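Visitor: One structure coming up, written as structure tokens, with questions to follow.
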Amino acid sequence: AAIAPLPLHCPKLRTLNLRSCRGIDGDSLVKAVEGCSCLQELVLAGLRLPTEQDLIACARAAGGKLRVLDVGLCDGAGDALMEALGKSCKALKEITLYSAKRLS
């Protein structure tokens, strides 16, 4: 997808908002997040294609700098993602989980 080369052009990107973007697959999303080492805010609300494993990989890649995460209406958001966020994202201050149906 078109977002994979994003880090090459915007290496100091702090906010990535992909709300309701169509066609964003998990591999492209993970590659984009892995390359954005300054990322503090990640909005993935409404993305349907990334799996929970893709979202976990993003959480691990964003790591300690991620402060805001929106995974509302993401089909892949579940309990394993919440566990990964607790382990990897110590700076996380705000998370949006609106209609995350896989959470218990």
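The values are calculated or read from the model by the stated rules, or taken from the named source; none is laboratory data. Everything numeric here is computed off the predicted structure, so don't read it as measured data. Cβ atoms come from the backbone with ideal geometry, glycine included; neighbour counts cover every protein chain shown. SASA here: full protein model, heavy atoms, side chains in, ligands and nucleic acids out. Shrake-Rupley method; radii C 1.70, N 1.55, O 1.52, S 1.80 Å.
Visitor: Excluding residues on the same chain fewer than 8 positions from K101, give the lysines whose Cα lies under 25 Å from its Cα.
Guide: K87, K90, K93
Visitor: Can you spot the lysines whose alpha carbon is less than 18 Å from K31's alpha carbon? Ignore those fewer than 8 places along the same chain.
Guide: K12, K65
Visitor: Hey, could you pull the Cα Rg and Dmax for the chain, both in Å?
Guide: Cα only, the chain: 12.1, 39 Å (Rg, Dmax).
Visitor: Report the per residue volume, in Å³, of the convex hull enclosing the C-alpha atoms of region 34-82. Before the final figure, lay out each step's value.
Guide: Numbers: hull volume 3.3 nm³, N = 49.
So the per-residue Cα hull volume is 68 Å³.
Visitor: How much solvent-accessible surface does C38 expose, in Å² to the nearest 10, with a 1.4 Å probe and all protein chains in place?
Guide: Here the accessible area works out near 40 Å².
Visitor: What is the dipole size for the chain, taken about its Cα centre, with +1 at each Lys and Arg Cβ and -1 at each Asp and Glu Cβ, in debye to the nearest 20?
Guide: Values: 14 positive and 11 negative charges, 67 e Å.
Computed about the Cα centre, the dipole is about 320 debye.
Visitor: Provide the three semi-axes, in whole Å and in decreasing order, of the ellipsoid equivalent to region 3-52 as defined by the square roots of 5 times the Cα gyration tensor eigenvalues. Don't skip to the end; give the middle numbers.
Guide: On the way: eigenvalues 62, 26, 15 Å².
Listed largest to smallest, the semi-axes of region 3-52 are 18, 12, 9 Å.
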